[in-house]
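Enquirer: Please find one structure pasted underneath; my questions will follow.
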Amino acid sequence: MTVATTLIGLLPVMYGSGAGSQIMKRIAAPMVGGLVSSAVMTLIIIPVIYILWKTRGNE
């Protein structure tokens, strides 16, 4: 939920074309990339690592 609200808040900055938009895009782009990569890590990669760890312990 936090990732979605932050991304929705940064979308106008990424698509803006007014005064100062070039500076704001340079600030917002790494934030968007970091949010997406952290969401993927949290929702996909960490659960897979946990399942692999738990199944190895049962052998």
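Enquirer: So how do 27-33, 2-8 stack up, highest first, on mean other-Cβ count within 10 Å?
Expert: 27-33, 2-8
Enquirer: Then there's this: Give me a comma-separated list of calculated 3J(HN,Hα) values for the stretch 44-54, in order, Karplus coefficients 6.51, -1.76, 1.60 applied at θ = phi - 60°, integers in Hz, x for any Gly or Pro.
Expert: 10, 6, 5, x, 5, 5, 5, 4, 4, 5, 5
Enquirer: Still on this structure, I have one more. I'd like the Kirkwood hydrodynamic radius of the stretch 2-57, using the inverse of the mean 1/r over distinct C-alpha pairs, in Å.
Expert: 13.1
Enquirer: Still on this structure: At a 10 Å Cβ-Cβ cut-off, how would you order SER17, SER38, fewest neighbours first?
Expert: Listing SER17, SER38 from fewest to most nearby Cβ atoms yields SER17, SER38.
Enquirer: Can you work out the FRET efficiency for the pair LEU7 and ILE49, with r the C-beta to C-beta distance and R0 = 25 Å, to the nearest 0.05?
Expert: Efficiency, from the Cβ-Cβ distance: 0.50.
Read-outs: derived from the displayed coordinates by stated rules, not from any lab. A quick note: this is a predicted structure, and the numbers were derived from the prediction, not measured. So basically every Cβ, Gly included, is an ideal-geometry build from the backbone, and we count neighbours across all protein chains shown.
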